[in-house]
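Remarks on the structure that follows.
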Amino acid sequence: MSRLYDFHGGIHPPENKQQSNGTPIRQLPLPPLLHIALAQSVGNAALPCVQPGQQVLKGQLIATPDGRLSVAVHAPTSGTVLAIGEHAFAHPSGLPATTITLQPDGREHWQPRQNLPHWREAAGSELRDFLQQMGVVGLGGAVFPSHLKLAAGRLQTLVVNGAECEPYITCDDRLMQERAVDIVAGIGIAAHALQAGEVLIGIEDNKPLAIAAMQTACHGSTFRVVAIPTKYPSGGAKQLIRILTGKEVPHGVRATELGVQCLNVATLYAIARAVLHGEPLLSRIVTLTGAVTHAANVEALLGSPLDWLLAQAGLPAPATEVIMGGPLMGFTVPDLAAGLSKAGNCLIVKNAAEFPPRPAAMPCIRCGDCASACPMELQPMDLFWFAKAKNFGKAQEWQLFDCIECGACSYVCPSQIPLVDYYRFAKSEIWAAERDKKAADLARRRHEFRQFRIEREKSEKAERLAARAAEQAAKLAASQPPASATLVASDDDPKKAIIAAAMARAAAQQEAKPLSESHIQALDDAKQAAIKAAMERAAARKAAAQPAAGAAADSRVAANPPPASGMDDAKQAAVEAALERSAARKAAAQPVAGAAADSSVAANPPPASGMDDAKQAAIKAAMERAAARKAAAQQANSETAANSVSASPPLASGMDDVKQAAVKAAMERAAAHKAAAQQANNETAANSVAASPPLASGMDDAKQAAIKAAMERSAARKAAAQQDQQDPT
Amino acid sequence: MTRHATHIAKPATVSTVMLKVLTALLPGIALSVYCNGIGVLLQLGLATVTAVAAEAAMLRLRGVPLAPFLKDLSAVVTAWLLALAMPPLGAWWLIVVATLFAIVVAKQLYGGLGNNPFNPAMVGFAVAIISFPAQMAAWGSPLLPLDAMAQLQWIFSHSLPAGAALDAVSSATPLDLLKTGLLQGGQDVPQLLTGTRFGQFGNAGGEWIALGWLIGGLWLWQQKLIPWQTPLAMLAGVIGMAGALWLAAPAQFASPLFHLLNGATLLAAVFIVTDPVSGSTTPRGRLIFGGLVGVLTVLIRVFGGFPDAVAFAVLIMNIAVPFIDQYTQPKVFGRKGARRA
C-alpha cells in the first residue's frame, strides 16, 4: 500500500449518493429529437459538415474539429438532420449555441465502425488524431480534449480519477461497478501512449463496490487501485495528484511537467470504446437525481433534451430548478430544452428540503473558516475583500487565479457569502481588462502609425512646394541671362543665379521645417534605397532609362549651387517608394533618379550616422503600400523640376550608385530597347526645361550610352563609364 | 444569486457562531457570579440592553436593515465581554458609557459588523479606564460579596446600606494592590503576595473564574470556532515575558502564574484575541499577534501606569494586524518552494 498524502482543507458535505448509486445504469429509448450542440469541448465549436435534410448514420461525422482544442461531433443515432442553428445550450451563460437538431429514424443504423486495432504500434500522433476525430473529451465535466492529454511521454505516474467527490453524482461509481473491464482497457491504452511508469487509480472509500470491481478488473495488471479518504474536493485533478503522489501542481504548470497526468474513468472508458470498438463518443452516463421519482444513472445519447431525460426518471412536479453537475460546482440549467452535452455528468432537480434558499449574506467576519477549507491554501476572505473592492491587482497578487472554484469556501462561510461568485467576477473582470488592454495597444499602434503617415504626407506636401519654389527660382535664374548659347557666356550670371538659388533654398527650407528628424535622416540613405530598388529585376526597365536621363540632365546643367534641402525631401520620398516591392517599378526608377540628383549636391555630403535611423524610417515607410506609391508618383513630379535646377558637379560616389543601378538594369536585355526609347523622350523634356542650352557633346554621349545599353548587356558598364566621363568635374 | 453559485451550504450563520461564543462564556460567568455576586449579572444586563439599543439606533441611522444585524448577536457578545472585564460593582453609568462607546464608535462608526479594526469591547474598556480610573479601580471584595440588594443599591445609587463596609465595594484588585504596594516601597513582591487578597495563586477567587474561561475556550476550540494559535501564543507570551522578568528578579516581579490568573489574561486569551474581525487571520500571523499581546500585557502591567493592560495590548496589536497579515500569507498550493511573487 503506497503512502497517501492529505491536502489542506476540504469539506464533508452530505453525500446524497445513495439515491442513485443502487440501481444499474439504465438504457433509455430514443428521444424524439436530439439537439447536439457543436461546442462539445473547451475549444472552438466544431464546424458542421452536414446539411439540413441530410440522412445520417449512427456514428457519422456531423461536425469537424476547428482547431487543436476542438473535437469532432458525431450523429448519436441514425436519422435526419432537421436544422442547424441556434438552440438552447446547457451553459451558465444562458446563451444559445449552434446546434444540430437530429430526428432519429429509430433504426440505429451504424456507419461502418473503424477502430484502431494497431494502437500499440501506432505513432502517438496517430492515436491522438484518432481520438480527436472520435470526439473524445474529458467526461468529468471539464470537457478538455483527451488527445491533448495524451501528448506527453515518459510519464512517471498516470493518475486515474475515480474519486467522484461531489455529492449526488454517482455516474462514475456505476460505470466502475459495471464496466470496469473497458475502463481498464482504456487505462492500458492511455498508459501505453503516455509510457506511464505506474498507474494509480484513486477512488474515494465511500464507493466500496466500485473499488472491488476495479480491483478485480485490474487483476494481473500493474495498475493499482487506491482507496482514498472521502473528502471534497479529492476528485479535483490537483488534489487527487497530491493525494496519490504527494506532488503539488501549481497553477499555470502542466501536471505532465511533474511527470503526472490525470484522466477520468469515464474518459478512459470512452477511449477504450473508440480505440477498440471504433465507437465515437455518442453517449454518456448521467446521474438523474434530486426531486425525481426514480433517481438513477442512465446511458443517454448526447443531445437528448434535458427535460426529456428528467421525465425518464419521473418528475412528480414540473422541475423548477435543475443543476447540471454537482451541487458545489454545477450550475443551474438556464433552459431544459437544451440537449445533453459531453459535460453533463449529473442532473439534480432541486427540492426545497435539500436545497433551502441561501440566507442573505452577512458581512465577512474574517473567521477564517474559508481559509481552513480551501484546498488550494488561499486566503479566501482576503480575495473576497479584494474582489469586492475591485482591487484586482491585489487579488492577483493573492493568487486569485490559483482558485479552482471548488466552492468549499462558499459552503463553510457562516456569513453565507457566495464567495466563488466574487472570484469568478474578479477573474472575468481581469480577463476583460486584459482584452481591453490588448485592444488599446492595437489602437495606440494604429494611432501612432496614423500620426506618422500624416507627418509624412505633410512632408511630402512640403517637398512638393519646395520643388515648385525651386522650379520657379530656376526659371527666374534662367530668364536672367541673355540667350547666349554657350556655357562660357553664363559665366557672367553666376551671381544672379546664386541669389535666385539661395532664395529658392530659403523657401524650400521653410517648407521643409515640419519634417521630422528621422525623415531628414532617411533622405540621406537614398543611395542605399536606390541600390535595393535597383536590384529589383522588375524595376529594370524604367531604371535603365531614367538614371541615364538623370545623369544626362546633370551633366548638361551649368554649375549653379543646388537648393539642398528641397532635394533631400525629394530623395526621402524616393526611399519610401523604393522599399515598397509592389511599387517596385516606379520606385526603382525614382530613387535612382534621386541618387543622380544627389550626386549633384556637392555641398551636402550624406551623414553616415543617420543610416540606422534612416533604415527604420524606411521600414515604416514600406509598411504603407499605397502611400508609397503615391510618394513615388509625387516624386516623379518633383524630380524633373529638381533635376533641372541642380547644377553643381556631381559626387563620384553618387555616380557609382547610378552606375550600379544602370548595370543591373542593363542586364535585362529586353528592357534596353524601351529604355532607349524613353531616353529620347526624357531628353527632350529635359531640354525644354533646362534654361541654358545643353552641350551638344553631352547630348550625344547620353544618347550613345542609351543605345549601347540597349544593344547588349556589357554595354551598360561602358554606358556608365561614359557618363562618368561626361561629368564636367 | 448567479446560476453558478454554490448550491449547498453548511447551515452555519453568524448568529450560530455568536451564540456559541455566548454559551462558552457561561461557565466563567457562573463562577464570576459565585465569587463576585449578583452585580456581575446586573452589569451583563445593563451592557446587553445598552448595546442592543445602541446597535439598533446606529443601524437605523445608517439605513441598514435592523433584523439581520440585531439577530447576529455580535452586539451582545461585545456587551458581555465588556461587562465581564469591568468591575462587577461599578456604577451603572460606567458600563453604559463604555458599552455605548464600544458599539457606537468602535463598531458602528467603522461600518458595523466585520469592519471594525479594533476590538469594540477593549475600546470601551480603555475609554472607561482612562476616563474614570478611580471608578474602574474599585472592585468588590471577592468571596465576601454584599447581598444582592446592597449590590443593586450600590450600583444604581452609589450608596450602601447601614453596616456594610466600604471595603466590600472598593477593594483594589491584586494587580492594583501589587502595583501600589511596590510603589510605596518597603515590601518586595513575595512579601506583598502574602496578603489575603492574593489567595494561594495570587488572586483569591479569580483563579476559579480564569478556569471558567479556560473551559469555555476548550469547548470553542473543539467546536472549531477559535484557532489554537492565538490563545496559546498569548498565554505563551505572558508566561514568557513574566517568566523572564521573574527569573531575573523574583523580588521585583510577580510570577508568570500571577499574571496568568490575574486581570483579564485568560478572558482575553480565549475570547478577546480570538476575535476574528480585529485579529490576525493567517496561521503564523495568529501566533505573532497572540504572542505579542501577551508580551505587551505583562510589560504594560509591570512598567505602565495602569494596573491591567490587556485592553491596551490588544488595541496596540489590532493596529498591527494588517501589517502582520500582509507578511504572513501562507504559501499557496503548489507554491511552497517559491516565494510569493
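Structure notes:
- Matching residues in the stretch A:344-354 - criterion: being in contact (Cβ under 8 Å) with a residue 60 or more places away in the chain and part of a loop (DSSP other than H, G, I, E, B): A:G344, A:N345, A:K350, A:N351, A:E354
- Qualifying residue in the stretch B:12-26 (condition: over 20 Å from the mean Cα position of the chain (by Cα), part of a helix (DSSP H, G or I), surrounded by fewer than 22 Cβ atoms within 10 Å (Cβ to Cβ) and within 14 Å of chain A (Cβ to nearest Cβ)): yes
- If only residues of the stretch B:48-65 that are in a helix (DSSP H, G or I) and within 13 Å of another protein chain (Cβ to nearest Cβ) are counted, the one that is surrounded by the fewest Cβ atoms within 10 Å (Cβ to Cβ) is B:R62.
- Residue in the stretch B:83-102 that is within 14 Å of chain A (Cβ to nearest Cβ) and either free of Cβ contacts under 8 Å to residues at least 24 places away in the same chain or more than 28 Å from A:R358 (Cβ to Cβ) (or both) present: no
Okay, residues lined up against (1) within 11 Å of chain A (Cβ to nearest Cβ); (2) surrounded by 24 or more Cβ atoms within 10 Å (Cβ to Cβ); (3) aliphatic (A, V, I, L, M):
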site: B:L232; (1), (2), (3): no, no, yes
site: B:A236; (1), (2), (3): no, no, yes
site: B:I239; (1), (2), (3): no, no, yes
site: B:G243; (1), (2), (3): no, no, no
site: B:H259; (1), (2), (3): no, yes, no
site: B:T265; (1), (2), (3): no, yes, no
site: B:V273; (1), (2), (3): no, yes, yes
site: B:V277; (1), (2), (3): yes, no, yes
site: B:R284; (1), (2), (3): no, no, no
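- Set A:I183, A:I201, A:I189, A:I169: member being within 14 Å of chain B (Cβ to nearest Cβ) and buried (at least 20 other Cβ atoms within 10 Å of the Cβ): A:I169
- Only one of the numbered conditions (1) more than 38 Å from the chain's Cα centre (by Cα); (2) without any contact (Cβ under 8 Å) to a residue 60 or more places away in the chain is not met by A:Q51, and that is (1).
- B:A79 vs. criteria in contact (Cβ under 8 Å) with a residue 24 or more places away in the chain and assigned to a helix (DSSP H, G or I): yes
- In the set (1) at pLDDT below 95; (2) hydrophobic (A, V, I, L, M, F, W, C); (3) not assigned by TED's automatic domain parsing to the domain that holds A:G252, the condition left unmet by A:C374 is number (1).
Each row is one residue, and each column tells you yes or no for (1) assigned to a helix (DSSP H, G or I); (2) within 14 Å of chain B (Cβ to nearest Cβ); (3) under 16 Å from A:G186 (Cβ atoms); (4) of a type in the set (V, I, T).
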site: A:G220; (1), (2), (3), (4): no, no, no, no
site: A:V225; (1), (2), (3), (4): no, no, yes, yes
site: A:T230; (1), (2), (3), (4): no, no, no, yes
site: A:K238; (1), (2), (3), (4): yes, yes, no, no
site: A:R242; (1), (2), (3), (4): yes, yes, no, no
site: A:V249; (1), (2), (3), (4): no, yes, no, yes
site: A:G252; (1), (2), (3), (4): no, yes, no, no
site: A:E257; (1), (2), (3), (4): yes, yes, no, no
site: A:I271; (1), (2), (3), (4): yes, no, yes, yes
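- Qualifying residue in the stretch B:130-138 (condition: under 15 Å from the mean Cα position of the chain (by Cα), at pLDDT 95 or above and either in a helix (DSSP H, G or I) or acidic (D, E) (or both)): no
- Of the residues screened, B:F271 is not one that is among the aromatic types (F, W, Y) and modelled with pLDDT under 95.
- Flag if A:Q40 is assigned to a loop (DSSP other than H, G, I, E, B), crowded, with 17+ Cβ neighbours inside 10 Å, more than 14 Å from every other protein chain (Cβ to nearest Cβ) and under 35 Å from the mean Cα position of the chain (by Cα): yes
Residue by residue, here is whether (1) modelled with pLDDT under 95; (2) within 23 Å of A:V137 (Cβ to Cβ); (3) of a type outside the set (K, R) holds:
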{"site": "A:D172", "(1), (2), (3)": "no, yes, yes"}
{"site": "A:G186", "(1), (2), (3)": "no, yes, yes"}
{"site": "A:L194", "(1), (2), (3)": "yes, yes, yes"}
{"site": "A:A212", "(1), (2), (3)": "no, no, yes"}
{"site": "A:Q215", "(1), (2), (3)": "no, no, yes"}
{"site": "A:K247", "(1), (2), (3)": "yes, no, no"}
{"site": "A:Y269", "(1), (2), (3)": "no, yes, yes"}
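- Selection count where residues are at pLDDT below 95 and either touching a Lys or Arg at 6+ places or on another chain (Cβ under 7 Å) or under 24 Å from B:L225 (Cα atoms) (or both), scope the stretch B:31-50: 2
- Helices (runs of 4 or more DSSP H) completely within the stretch A:368-476 that count 3 or more residues being closer than 25 Å to B:L225 by Cα and within 14 Å of chain B (Cβ to nearest Cβ): A:369-373, A:380-388, A:408-412
- Condition check for A:D335: within 14 Å of chain B (Cβ to nearest Cβ), at pLDDT below 95, on the phi < 0 side of the Ramachandran plot and crowded, with 22+ Cβ neighbours inside 10 Å: no
For every residue, the table says whether it meets (1) within 23 Å of A:L400 (Cβ to Cβ); (2) surrounded by fewer than 18 Cβ atoms within 10 Å (Cβ to Cβ); (3) of a type in the set (D, E).
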| residue | (1), (2), (3) |
| --- | --- |
| A:A217 | no, no, no |
| A:P229 | no, yes, no |
| A:G235 | yes, no, no |
| A:G252 | yes, yes, no |
| A:A274 | no, no, no |
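- Qualifying positions in the stretch B:103-113 - assigned to a helix (DSSP H, G or I) and within 14 Å of chain A (Cβ to nearest Cβ): B:K107, B:Q108, B:Y110
- Scanning the stretch A:273-300 for residues that are part of a strand (DSSP E or B) and hydroxyl-bearing (S, T, Y) turns up A:S283, A:T287, A:T289.
- For the stretch A:78-88, the condition of being within 14 Å of another protein chain (Cβ to nearest Cβ) and assigned to a loop (DSSP other than H, G, I, E, B) holds for at least one residue.
- Of residues in the stretch B:301-321 being modelled with pLDDT under 95 and surrounded by fewer than 18 Cβ atoms within 10 Å (Cβ to Cβ), the one nearest to the other protein chains (Cβ to nearest Cβ): B:G304
- Number of the exception - B:F271 against (1) touching a helix residue (DSSP H, G or I) at 6+ places or on another chain (Cβ under 6 Å); (2) aromatic (F, W, Y); (3) over 26 Å from B:P283 (Cα atoms): (3)
- Some residue of the stretch B:255-265 being farther than 21 Å from A:A371 by Cα, of a type in the set (V, I, T) and over 17 Å from the mean Cα position of the chain (by Cα): no
The values are calculated or read from the model by the stated rules, or taken from the named source; none is laboratory data. From a predicted model like this one, the values you see are computed outputs, not experimental measurements. Every residue, glycine as well, gets a Cβ built from its backbone with ideal geometry; the counts of neighbours run over all protein chains shown.
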